[in-house]
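Data block below; observations after.
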Amino acid sequence: MHMPQLFNRLRTFLFISLFLLLGPLALAQTPGNKGKSGKVKSEQPVGRRVKSPAVADLNEDQRQRVDRLFFDALREKLAGNTRQSEQHFREIIKLDPANAQARVEVARLLTQNDQAEEALALIGEAIVLQPDNPWHLRVGIDISTQKGRPSKAIEWIARLRQMPGQPTDELGLELAAQQAALRQYDEAIKTLQQLEKQIGVTPEVSEAKRQYWQAQNKPDKATMEIRNLCLAIPMRADLWMYYGQLAFQQGDVKSAQEAFRKAIELEPRNGKAYLAMADVQRVLKNPTEARRLLEEGFFLDEVDQDLQIQIIVSLLSEGSNAGGGGDTASLSAAERLTEEMLRANPESSAAWNVRAEIAFNRNLHEQAVEAYTRCIALDGVGQKYSVWQQYLLSLYKLLRYPTLITEARRAQDLFPNQPIPYYLAGLAAQQMKQNEEAVRHYKTGVSMISGNPELAAQMHSSLGDLYHELKDYARSDESFEKALKVRPDYTLAMNNYAYYLSLRGDKLQQAEELSRRTLELEPGSASYLDTYGWILYRLKRYPEARNYVEKALKASGDGAGSATLHEHLGDILFRLDDTAAALASWKRAREVGGETSEFLPRKISEGQLYE
């Protein structure tokens, strides 16, 4: 076989292969589609090639050179070597300036590199060379849309719509979208109205019109488009549901009710329609009817588990404010339906999660822990952080600190970037006087916090407490400073920081300012009054100190006060030379019981002040 014949057969094979891989656009115009004279065959369905009068036909060697470059370019493009591919296509344009397809390919590659202007210029040249080729226009429209050039897209869509065989509905919607991109909403709506005259009312066109009315802040007209759609296609329950939801959002409860009722008539087993109608009844203050609809919808055959859970959650929302006039019957119904769901599917982790949430919200934390444990076991590898967080909180509420630490470590392994498991583990360790372990949990957790100043302040403040216990006073002060930096009005951190400074007799002026600030924010706090009084005592302002500590005693829950308060008052009275009253206060501190200084027994036995 002669080599030219072999090359021609290979070229034919490659053309067929590339056509199957890339579709007709890739072969819209290549030199191989020419006859022997180099002229474009008139029967090509994708448009004929327009030869520049200034360019002579290619000879056989040139044509073969362009063929090889074209296939090399496509091969490099498929391999992801875009720079090499672009170089080959540009070389084709130099050899064959009338080659439109090479320009289109370069334009596509340039678009990937955000070189939109040159890309659009090349597409424009390709369209001039092949004005009746719809594929080039299509690529130009896509690039214009992608790069935010709606005016150019509108120009090319208009040309494409004039060509026979083009999709009327698709191009009409696309033209309207480009007009809307230019904020020409009225023009976009007119385009769609004209389109409806051609193809009739359709969901796609009506939804586009709705969006353009909404963009002009005309919600009534936007909703009316969907109502008209429902009237044009009255047997579609999903359209009535959509109209009902829009009307409900606008506060048109009557229209929403009519729409949802129509949806139920069309699809009597449509659980979502029952759920929507229940929302309407709640707004109309008909809780009994709302509950009936939810319970009736729950048992429909077509209601899946996700929708059942939505129904239960809806009932819970009704019953959640039962103490403040909420519907307790709805809460009971939610509990009953949850048990029904569990009986039908005892291996449903979602159902166990709902049961756990109900128990948690009712402060039945034993039941909540049991249900969360079952949910976690059933979830297997698909663990949910929200479930774990509630589970850990339930353990904390039950004061199960050792278990909480163990389970929090599991949660830390599963969700290493979530701070709450570290925070709760730190709290548990702190309660168990495992201060160094608590520090480790807090330090790790606080490093993960982003956008939650309240939690960050709490963790820094807890670190301040722990470092004080560990007598690492520099780090204690630093932690409190960090807490107050992220949350300047955090009174608990201010109070503890000020109190610890007073115990050390350090930075008393700063302590006095911090403590005074807490009283400005919470003037009736017995604890904060006591702290301020104690700081005044350390500043030797004894009469003022007595005044504030006595205010703290009165502000205590039953007026009895804590052991610390009574001991502080005794110390102050002693400094004011009222030793009898001082001794009485110290004895009262012993009677009350609780945390006191190590010197209290000596103060009582010897009638002297020890510090």
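The values are calculated or read from the model by the stated rules, or taken from the named source; none is laboratory data. Only a predicted model underlies this, so the values are computations on that prediction, with no experimental measurement involved. We place every Cβ from the backbone using ideal geometry, glycine too, and count neighbours over all the protein chains shown. Accessible surface areas use protein heavy atoms only, side chains included; no ligands, DNA or RNA. Shrake-Rupley method; radii C 1.70, N 1.55, O 1.52, S 1.80 Å.
Please determine, by comparing only the residues of the stretch 122-137 that are open to solvent by less than 70 Å² (accessible area, probe 1.4 Å) and in contact (Cβ under 8 Å) with a residue 40 or more places away in the chain, which one is nearest to the chain's Cα centre (by Cα).
Among residues in the stretch 122-137 that are open to solvent by less than 70 Å² (accessible area, probe 1.4 Å) and in contact (Cβ under 8 Å) with a residue 40 or more places away in the chain, the one nearest to the chain's Cα centre (by Cα) is HIS136.
Residues in the stretch 579-598 that are farther than 19 Å from THR531 by Cβ, in contact with a helix residue (DSSP H, G or I) (Cβ under 9 Å, 6 or more places away or on another chain) and either open to solvent by 50 Å² or more (accessible area, probe 1.4 Å) or touching a residue at least 24 places away in the same chain (Cβ under 8 Å) (or both): how many?
10
Could you check how many residues of the stretch 78-111 are closer than 22 Å to ASN133 by Cβ, under 37 Å from the mean Cα position of the chain (by Cα) and of a type outside the set (Ser, Thr, Tyr)?
Count: 4.
Which one of GLU289, GLU370, GLU302, GLU366 is open to solvent by 30 Å² or more (accessible area, probe 1.4 Å) and touching a Gly at 6+ places or on another chain (Cβ under 8 Å)?
Matching residue, one of GLU289, GLU370, GLU302, GLU366: GLU302.
Select from the stretch 561-578 the residues that are under 23 Å from TYR528 (Cβ atoms) and either assigned to a helix (DSSP H, G or I) or touching a residue at least 40 places away in the same chain (Cβ under 8 Å) (or both) and list them in ascending order.
Residues satisfying the conditions are ALA563, THR564, LEU565, HIS566, GLU567, HIS568, LEU569, GLY570, ASP571, ILE572, LEU573, ARG575.
Across the stretch 164-190, what is the number of residues that are in a loop (DSSP other than H, G, I, E, B) and buried (at least 20 other Cβ atoms within 10 Å of the Cβ)?
Residues that pass the stated criteria total 0.
Regarding the stretch 409-425, can at least one residue be identified that is at positive phi, open to solvent by 40 Å² or more (accessible area, probe 1.4 Å), at pLDDT 95 or above and not in a helix (DSSP H, G or I)?
No, the conditions are met nowhere in the stretch 409-425.
Any residue that is over 29 Å from GLN305 (Cβ atoms) and open to solvent by less than 50 Å² (accessible area, probe 1.4 Å) - is there at least one of those in the stretch 253-260?
yes
Test LEU503 against the criterion of being more than 38 Å from the chain's Cα centre (by Cα), assigned to a helix (DSSP H, G or I) and closer than 21 Å to LYS433 by Cα, and give yes or no.
yes
Pick from GLU196, GLU204, GLU155: which is open to solvent by 50 Å² or more (accessible area, probe 1.4 Å), free of Cβ contacts under 8 Å to residues at least 12 places away in the same chain and of a type in the set (D, E, K, R)?
Being open to solvent by 50 Å² or more (accessible area, probe 1.4 Å), free of Cβ contacts under 8 Å to residues at least 12 places away in the same chain and of a type in the set (D, E, K, R) holds for just one of GLU196, GLU204, GLU155, which is GLU155.
Listed here are the residues, each with its yes/no results for (1) touching a strand residue (DSSP E or B) at 6+ places or on another chain (Cβ under 9 Å); (2) within 24 Å of ALA333 (Cβ to Cβ); (3) modelled with pLDDT of 95 or more.
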{"position": "ILE226", "(1), (2), (3)": "no, no, yes"}
{"position": "PRO234", "(1), (2), (3)": "no, no, yes"}
{"position": "GLY244", "(1), (2), (3)": "no, yes, yes"}
{"position": "SER255", "(1), (2), (3)": "no, no, yes"}
{"position": "PRO268", "(1), (2), (3)": "no, yes, no"}
{"position": "LYS285", "(1), (2), (3)": "no, yes, no"}
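Here is a check on your reading of the model: is ALA276 assigned to a helix (DSSP H, G or I), in contact with a Gly (Cβ under 8 Å, 6 or more places away or on another chain) and surrounded by fewer than 18 Cβ atoms within 10 Å (Cβ to Cβ)?
no
Name the residue, out of ARG546, ARG516, that is touching a residue at least 12 places away in the same chain (Cβ under 8 Å), surrounded by fewer than 24 Cβ atoms within 10 Å (Cβ to Cβ) and either closer than 20 Å to ALA493 by Cα or under 48 Å from the mean Cα position of the chain (by Cα) (or both).
Within the list ARG546, ARG516, the selection yields ARG516.
Can you say whether VAL104 is in a helix (DSSP H, G or I), touching a residue at least 40 places away in the same chain (Cβ under 8 Å) and more than 29 Å from TYR212 (Cβ to Cβ), as far as the supplied structure shows?
yes
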